[in-house]
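Notes follow the structure.
Since every read-out is calculated from the coordinates, none of them should be taken as a lab result. Remember, predicted model here, so these are calculated numbers, not experimental data. Ideal geometry is used to build each Cβ from the backbone, glycine not excepted, and the neighbour counts take in all protein chains shown.
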């Protein structure tokens, strides 16, 4: 989606600003003016309020009773008036031809005032004004000393932070300032009546002042547009995301296995994985990554060297590195031989390398240089200090090692007052440092994930949407007939309505058979005894039909489906669900009666091609069975992948398909067959 970035440039680089609202102490407009003046904003500031007042402490700010009194152009309006006056102010801004407005004021959709918010957008469109807000905490651009926000001034830096929540924004800025982490730009977009995360991500992807983008989001404006904007951003720079609402109690109880397994948070995770963004659980992890990505060079391999002066923390770090799927490979003999040349014999020479408490800054330097020159892709250096150690000399040794190569090297100085001077020396040398080795390992794992991510090729062609030739409720006979016409394969089958049908249809199927009740009132047939297995002859077939007919006579009994009974080495589930944000989501996983018990599933957002389907299958635990576990036969993963790709095309062709299960899908050494299906539209 193409955006007009010149419009956003006005927000971040305004020359002249009008601030609307009371400028008395304690009022929001006063706080905005305080932030702008104290931040040394270089443009002109105008205060607009009914009394035409300007704060006495800011003589450079001129007061006006109306925006039309101001001569010349205004680039940006910052609106802090009560909600009941915002529309009037916006109308005045329109007549003044102000192109952009930040609405700090709350009291709109978050308070149930949905109509008022719709009017805001109507007025903005009428006057061609772009909006951020309402109910937001404002915006900042540290490179131009611009801070139109109620939050604290951000330190200058190379990370942009975009947040849906102003409160989260304020907390992040405060915590970042304590850690010395800076930002290029800050945007709290609030209710997102106009500009939201998608347009901001696209803008920041091209921003020369920004190397890393962070996003806090609670809901998405447009899921498909988000994939495009976030994917564009990730192709240029790391994108770190916090998404709240992981365990929403408001999610509906799904009617199908796919619906219950493809919950909204799982789908979001799938999307994040697909585009290569990095999802974190909380603020601390996000700040660690902001810091790491702006301080450390790329980590392009998995081999991590750990150098420490204490065994315990070194082992904890090594455990965490391996837990995060990186490698702590043992030191090669050729490397050990070099270390023997200058390290005491009582040191530990395997990885982690323990220099012991006698380790000097020079020994840290030489050890780290040797490790990083011999096939290790990154290093973590730990100083577990005691009061008599000179932390500054150790920091200088680590800094010297970091300066001699282009691989990431992070320091961990533990702990408290006794390492303050050493940490100060690390900061002066721009060496990344973390409170614990485990946190350094987490950052390394995300560095590796981003810098070695696989680029997903753009999907070729468009699928033409069609009207679905089915009406709800879709019973199994209709579903199977429709799917067969679309090219999907089932075992031999027939639909019978009466005992008379058995005589003409039984020979088309062959024994043994499976019988399933057909009723619009029964979704999960096996749960209520609506499936009879291993029917071996005509007598058993007649008896089974009489049994099913009698058992479900009060459930709008329509008849029964007969299938040839299949014995297969593996049963899986393949399904699709229409997600409200992202559209069709394809699922594959362990099938049969264990589907929801094991929850061994993988998800992707459509469209899905065969290579992507094979990648999904490779993520499953049951992949070992498909690959021939302990000498068993190799099963046809390619047939399953083709089935998944076909289902992806089907879901895009017929958007009315809300949920569709193939469960089980029988997988053989060659090919696969659908054993049961359920369609919700």
For the stretch 419-544, the spread of Cα positions along each principal axis, largest first, Å: 91, 38, 27
Centroid-to-centroid separation of the stretch 168-245 and the stretch 359-405 [C-alpha atoms, Å]: 35 Å
q = 0.10, 0.14 Å⁻¹: log10 I(q)/I(0) that the Debye formula gives for the stretch 1-157, counting C-alpha atoms only: -0.32, -0.64
Per-residue [θ]222 nm for the chain (sum of -39500 (n - 2.57) over DSSP H runs n ≥ 4, rounded to 500): -11000 deg cm²/dmol
Using alpha-carbon coordinates, inclination of helix 264-275 to the longest axis of the chain, degrees: 70 degrees
Translational diffusion coefficient (Stokes-Einstein; Kirkwood radius from C-alpha pairs) of the stretch 301-451 at 20 °C, 1.002 mPa s, in µm²/s: 144 µm²/s
Value of Rg/Rh across the chain [Cα atoms, Kirkwood radius]: 1.08
Global form of the stretch 532-681, assessed from the alpha-carbon gyration tensor, a/c cut-off 1.5: oblate
Over the stretch 608-681: Kirkwood hydrodynamic radius from C-alpha pairwise inverse distances, Å: 13.2 Å
Kirkwood hydrodynamic radius of the stretch 1-72, from inverse mean 1/r over distinct Cα pairs, in Å: 13.0 Å
Per-peptide average of other Cβ atoms within 10 Å, ordering 296-304, 130-138, 498-506 highest first: 130-138, 296-304, 498-506
Using alpha-carbon coordinates, inclination of helix 28-38 to the longest axis of the chain, degrees: 60 degrees
The chain: angle of helix 538-551 to the longest principal axis, Cα-based, in degrees nearest 10: 60 degrees
Cα point-scatterer Debye curve for the stretch 492-564, base-10 log of I(q)/I(0) at q = 0.11, 0.13, 0.20, 0.27 Å⁻¹: -0.22, -0.31, -0.74, -1.34
